[in-house]
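Since every read-out is calculated from the coordinates, none of them should be taken as a lab result. Given the structure is predicted, the values throughout are model-derived calculations rather than measurements. Neighbour counts run over all protein chains shown; Cβ positions are idealised from the backbone, glycine included.
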Amino acid sequence: MGRSVAALVARMGHLLAPLEVDRDPARFFLGVYLRTTVAVGAAIDAGGFEDPAWVEEWDVDFAGLYLDALTAHRRDPASPPRPWRLAFGARPDLPPEAHVLLGMNAHINFDLPQSLVRVIPPADFDDPATLDRRRRDHERIDRVLASRVAAEDGELHRAGGRRTRLDRVLAPVNRTASQMFLRESRRKVWANAAQLDAARRRGSEAYARRVADLEAASAARVDDLLRPGPVLVRLAAHGFGVALR
């Protein structure tokens, strides 16, 4: 594991410890994220990416957006962007899976396009060969995420996730649905990153407006995530990601 990812894992562990002590529901998403980051680090070490140095830089930058929001929330709950305020401020009695979905919404739909344009400069967006290499490595992350779905389902169950008989019957369907909507959302993320790149070329005000659009769209997803019913199957059918118009 590279030093940067190792330092990131250490930071995550440092932030997770007080959440566990306080029984803060934010521990569910951070626990999932920490284990996934370890898996990404292992994939980097195993040669699973075309440009491992870039993937490591991106992984650290991307995670930093969430960890900074979490740190800000612990100081002042009103300070993070709205998708994170909704995630951190969700009812504590929601099942762990719901807290994880809310965190995924804020981090994938809102943070990830911003991180991509931070680590892909305009010149790389203009270079088809470089951009294709970045896109392929972006898609390879899906394999890591897909490999974690079953294990994380078990971790959340042990952490207190509530399973009805129907939930147990639907477990294989839900795992497949999770893999489907993760792929779908990351495709939209890639398109949204292109929109943000176009906006930044028009200047800081244009970029800020597009980020505000992304923030509003990501916040609007929360109501659907909390609607009763088989949410993972619904997301697989209708989509998890948001799209900038």
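Run the quick spin-label model on Ala208 and Arg133: label points 7 Å from Cα toward the beta carbon, then report their separation in nm to one decimal.
Output for this residue pair reads 3.5 nm.
Given (i) -1.11, -1.63; (ii) -1.03, -1.47; (iii) -1.16, -1.39 as candidate values of log10 I(q)/I(0) by the Debye sum over Cα atoms at q = 0.15, 0.18 Å⁻¹, which corresponds to the one derived from the coordinates?
(i)
Between 0 and 90 degrees, rounded to the nearest ten: what's the tilt of helix 52-75 against the longest Cα principal axis of the chain?
Helix 52-75 and the main axis of the chain meet at about 60 degrees.
In degrees from 0 to 90, rounded to the nearest 10, what is the angle of the helix 3-22 Cα long axis to the longest principal axis of the chain?
It is inclined by approximately 30 degrees.
Averaging sequence separations of C-alpha pairs under 8 Å and six or more residues apart, then dividing by the length of the chain, give the relative contact order as a whole percent.
Details: 249 pairs, mean separation 57.7, N = 245.
Here the relative contact order equals 24 percent.
For the chain, set up a GNM with springs between Cα atoms under 10 Å and report which of Ala123, Ala72, Ala220 has the largest fluctuation.
Ala123
Quick check on the chain: helices-only [θ] at 222 nm, where DSSP H runs of length 4 and up contribute -39,500 (n - 2.57) each and the sum goes over total residues. Nearest 500, please.
Counting only the DSSP helices, I get -26000 deg cm²/dmol.
Would you mind pulling out the separation of the Cα centroids of the stretch 207-238 and the stretch 92-143, in Å?
Cα centres, the stretch 207-238 to the stretch 92-143: 15 Å.
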